[in-house]
Every structure is written in C-alpha cells, then in structure tokens.
Amino acid sequence: MKRLNVLRNSVLSKAFVLLLPLLFGIGALGYAAGEDAAEGHGEEAVHAEAAAHGEGGHESAGDVIMHHILDSGVMAFEPFAEFHLPKIVVGGFDISITRHVVFMWLAALILLLVFGYVGSRYKSMTSRQAPTGLANAMESLVEFIRLDVAKSNIGEGYEKHMPYLLTVFVFILLLNLLGLVPYGATATGNINVTLTLAVFTFLITQVAAVKAHGIKGYLAHLTAGTHWSLWIIMIPIEVIGLFTKPFALTVRLFANMTAGHIVILSLIFISFILKSYIVAVFVSVPFSIFIYLLEIFVSFLQAFIFTMLSALFIGLATAHEGHEGEAAH
C-alpha cells in the first residue's frame, strides 16, 4: 500500500526528527529561559510582599499580558494552584525547564501517540480496506503535505524531505493550538523556539543544495552566474540572502502567534480599564471571541506557511534550472 508506506516512513518510523528541534530548542532557550524563570520568581516575591503591605498589590494590564506571553519557570493554574518547575544548571549553562519546554514535550507526546495509533491501525488493515476515522484524517494530512507542499515546491527527490516537512507542520500546529487551551502557553510565541526551527530548515536547505550541486556548484551559485568582476558585490548579497530566509521564518511565526494573544487580552482588559458593562458586552466579549476563532485559523495557517516556505527554500536550493545556462555564459 503506497499510502501506508508514505505514512509509516514519513512519520511513525522517523518520528525522531521531531525530537531534534525539541532537544535543540531546550538548549536554545538556555540562559534566556532560565533568567526569565528566575526573574519570574523574583517578581512574584516582590508582588506578594507589596500586596501584604497593601502597596502595589494590583498588577497593571500590561504586566498581566506580558506575564501571559513571556516564558517562565512557573506553571500557574489560577486560582487553584501553581507549580515551580525545576531549575537546572549544567556546566554553567542554565537549561531550566520552563512552561514552553513543557508544552513542547506535550506536543511531542501527542504527536507520537496519535501517529503510533494510526500506524498500528494500518498494520491491522488489509490491502482492500480503506482507513476510517482518525487514520483517514491523518492520511489526508499526509497526502496534502506530500502533494501540495513537498512535491509541488521541491519536485524530484521530494520524498527524502517528507519526514521533516510533515513533522514540523504537525509539531508547529500542535504548539499553536495548545496555546489556545485554558492554562496553555504558546511555545511558538517564544522567538528562541521559532529560531531553532528556522535553523533546522536552514541547515537542511544547505545540505540539500550541496548534495544536489556539489561543493563547486554550491559555491558557483553564490556568484549568481555573473562575471568575476561583480563577485565582490554579488557574493555578499547572496550570502545575506541565505540568512534572510530563516530570519523571515523566525519572525513571521513568532510575531503572528504573539500578536493574536496580545490582541485578545487587550480587548478583555478594555472593559476593566473603562469599568463599563456595556463595553464588556458589546465590545470586549464579542471581539475577543472573534479574534479567538481567528487565532484557530491562524494556527493552521502559520503551520502551513512555515512548512510551505521551508519546502520552497529547499526546492530553490536544489533546482537545476538555469545552471546549465549560467555555466555556458
């Protein structure tokens, strides 16, 4: 069964591809995550002390919004309880577990469980049986990424990139959606996480380009086929172009996932700032619900855009069109 092979080879048997950005992401959070957690502990102590003395006990709207957006070392389930995550320092590097790391682990676990279940369903099916339920939905997802993203943008040899593209799409989608559930946190709203994913796309793109054209062809591509007298201009431009692509991936995903949460929280706080039930009923609540529903769509859209652009960058780096003309010129 061709579809069965695509599903198993792309996700189930190569799911370790997901673990790489997770492990690298924890390291990428590094000092920033640990310092945010430490600052969060310190700020909480200051607020608690101020509240005990009756001074500064109320946080401003901006403080609450930033507390929700930024990473921290506390899992808060207000008004029920809160848990302080362990602080870990190894060799002078702070790799403390933060709530964004926890939600990355949760997304990885959900992905492995879902596709593990789907893979077991396929193994028990005969060649004449059609998938149903969750297996059918996952097969449709695999076919969509395979045909409309990988094959259409990369072309020949797209199969070898399917495991990464499919994994990164589902991983980003889960992270986006987990940020919309109660007490959730959007790990893709952390620029360290989006940067890590963009770096993986960058590395895979460069390796694919070298494999497709060889070292000589890869270096020749940096000259854009121009006369040697223009290399002093073209080579720096081409090198800068290599790094603007992962930068665009990083900022696009980070900014879109952060902006939506800020807008929702800002709309909610308008009614509290103005102290008006009319504003709450006719402005804050309906517009917040609208933006929330829009964020669900944006979660899918941003996962698709990141995956599609990754496939496009790989396709452009491995394309052979025009190289023969450049060599002849």
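The values are calculated or read from the model by the stated rules, or taken from the named source; none is laboratory data. Note that this is a predicted model, so its numbers are computed, not measured. Cβ atoms come from the backbone with ideal geometry, glycine included; neighbour counts cover every protein chain shown.
If the condition is being more than 25 Å from the chain's Cα centre (by Cα) and within 23 Å of Phe202 (Cα to Cα), then the range 119-156 contributes only Glu156. If the Cβ limit is 7 Å and pairs must be 6+ apart or interchain, which residue in the range 213-232 that is of a type outside the set (Val, Ile, Thr) pairs with which residue that is at pLDDT below 75 and assigned to a loop (DSSP other than H, G, I, E, B)? Short answer, once both residue conditions are applied: Gly225/His329. Residues that are touching a residue at least 24 places away in the same chain (Cβ under 8 Å), among the small types (Gly, Ala, Ser) and either at negative phi or surrounded by 16 or more Cβ atoms within 10 Å (Cβ to Cβ) (or both) are absent from the range 233-244. Within the range 251-300, which residues are farther than 17 Å from Asn176 by Cα and among the small types (Gly, Ala, Ser)? Listed by number, the residues that qualify are Ser266, Ser271, Ser276, Ala280, Ser284, Ser288.
Does the range 274-285 hold any residues that are surrounded by 12 or more Cβ atoms within 10 Å (Cβ to Cβ) and either within 19 Å of Val64 (Cα to Cα) or not polar (S, T, N, Q) (or both), and which are they? Those that are surrounded by 12 or more Cβ atoms within 10 Å (Cβ to Cβ) and either within 19 Å of Val64 (Cα to Cα) or not polar (S, T, N, Q) (or both): Leu274, Val279, Ala280, Phe282, Val283, Ser284, Val285. Cβ-Cβ distances below 6 Å connect the following pairs, each with a first residue in the range 120-138 that is over 24 Å from Val170 (Cα atoms), a second residue that is at pLDDT below 80, and a separation of six or more residues or different chains: Ser127/Met1. When you scan the range 122-141, do you find a residue that is on the phi > 0 side of the Ramachandran plot and aromatic (Phe, Trp, Tyr), even just one? No: the range 122-141 contains no residue that is on the phi > 0 side of the Ramachandran plot and aromatic (Phe, Trp, Tyr). Taken over the range 112-141, the criterion of being of a type in the set (Gly, Ala, Ser), outside any loop (DSSP other than H, G, I, E, B) and over 16 Å from Thr167 (Cα atoms) is satisfied by Ser120, Gly133, Ala135. Among the residues of the range 184-234, those identified as within 20 Å of the chain's Cα centre (by Cα) and part of a loop (DSSP other than H, G, I, E, B) are Gly184, Ala185, Thr186, Asn190.
Restricting attention to the range 110-140, the residues being exposed (fewer than 15 other Cβ atoms within 10 Å of the Cβ) and not aliphatic (A, V, I, L, M) number 13. Pairing residues of the range 269-281 that are on the phi < 0 side of the Ramachandran plot and assigned to a helix (DSSP H, G or I) with residues that are surrounded by fewer than 14 Cβ atoms within 10 Å (Cβ to Cβ) and not β-branched (Val, Ile, Thr), at Cβ distances under 8 Å and at least 6 apart in sequence or on separate chains, gives Ser271/Tyr277.
Do we have Ile65 as modelled with pLDDT under 85 and outside any loop (DSSP other than H, G, I, E, B) here? It is true that Ile65 is modelled with pLDDT under 85 and outside any loop (DSSP other than H, G, I, E, B).
Take the range 78-94 and flag every residue that is exposed (fewer than 11 other Cβ atoms within 10 Å of the Cβ) and closer than 28 Å to Val263 by Cα. Answer for the range 78-94, where residues must be exposed (fewer than 11 other Cβ atoms within 10 Å of the Cβ) and closer than 28 Å to Val263 by Cα: Glu78, Pro79, Phe80, Ala81.
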